[in-house]
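This report refers to the structure that appears directly beneath it.
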Amino acid sequence: MWRPPTPFLKQLEGARAPATIRVVGSVQEPLDSHLVDRFRNGDREAFSVIYRAYQRCVFRFALYLTGDRERAGEATQETFVWLIHHLSAFDPARGDLAAFLCGVARQMVRRRRREEQKWLPLSDAAAGAAPPPEIAENQETAELWSALASLPERYRETVILCDLEELSGEQAASILGCAVGTIWSRLHRAHELLQRKLLSKKVRCSL
C-alpha cells in the first residue's frame, strides 16, 4: 500500500498561524474522557479546561479550511456550543477529543459555506478564499495557498490534515469519516495535482 512521503509543503512553515496556535493533536490531554464525564455531571470548570486545551487547535484547523480569521472564529465558537448540547456524541474509543472537535468544526465550516453559496452569484461562490495575511505577505507561500485552495475539497482537507497539521492517517480518517487507505489515496492524488499546478505557474511566469 502506498504511504505518504515526507510532507513537501514545508515551505508553508513560515505561513502558519502564530506560534500560540498549536497544531491539531499537539495538546496531550490523557483525561479527555474524565473531563467529559465531569462536565456531564455538571462541572462547568471541566468544560473550561476542555475549551482552553483545544480552542486554539480547532481555530487553526478552521483557519486553514476557510482562509478567514472571522469565519474560523465563528466555526470554533459554533463547535464548542455544539459540544455543550451533544456531549454524548464523543466516544473516546473512536479517537481523541482533538480529532473529534476538528471533525465537528469541519461540518460547521461546510454548513456555513453551503448557506453562503445559496445567496452568492455563481462566480463568487466558486472563488477560493483569500489567504490569511501572514500567508499573503510571502509570494511563494501565497502561491502554494492558491494552489491548495483550488483543489477539490476532499483533497484539500486531506492535505491540510496530513501535510500542514501533520496528523496520522488514522487521525485524518477519523476526522473525515473514511478509511485510512482512502486518506493515502487522496493525499497521493492531491500531491500530484499540487505539483502540476505549481509547475504550470512557474512555466507561465518564465515565458
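A few comments on the model shown:
- Ranked TYR51, TYR155, criterion: other C-beta atoms within 10 Å, fewest first: TYR51, TYR155
- Fully extended contour minus Cα-Cα distance, from GLU115 to ALA93, at 0.36 nm per residue: 4.6 nm
- Karplus (6.51, -1.76, 1.60) ³J(HN,Hα), θ = phi - 60°, over the stretch 91-108, in Hz, Gly and Pro reported as x: 10, x, 6, 9, x, 7, 5, 4, 5, 4, 5, 5, x, 5, 4, 4, 5, 5
- Here VAL49 and SER185 are evaluated by their C-beta separation; at R0 = 41 Å the FRET efficiency comes out at 0.65.
- For the peptides 68-78, 189-199, the ranking by mean Cβ contacts within 10 Å, running from highest to lowest, is 68-78, 189-199.
- Extension gain, HIS86 to SER33, is 17.6 nm, computed as 0.36 nm per intervening residue step minus the present C-alpha separation.
- Karplus-derived 3J(HN,Hα), 6.51/-1.76/1.60, for each residue of the stretch 61-71, Hz, glycine and proline x: 4, 5, 5, 4, 6, 9, x, 9, 5, 5, 5
- Burial ordering of TRP145, TRP82, fewest other beta-carbon atoms within 10 Å first: TRP82, TRP145
- Amide H contacts under 5 Å for LEU167: CYS162, restricted to partners 5 or more places along the chain or on a different chain, H placed in the peptide plane at 1.01 Å from N.
- Annotation: amide H-H contacts under 5 Å for ASP68 (H modelled 1.01 Å from N, sequence separation of 5 or more, or interchain): none.
No lab work stands behind these numbers, since they all come straight from the coordinates. The model shown is predicted, which means the values in this text are computed figures rather than measured ones. Backbone-built Cβ (ideal geometry, glycine too); neighbour counts: all protein chains shown.
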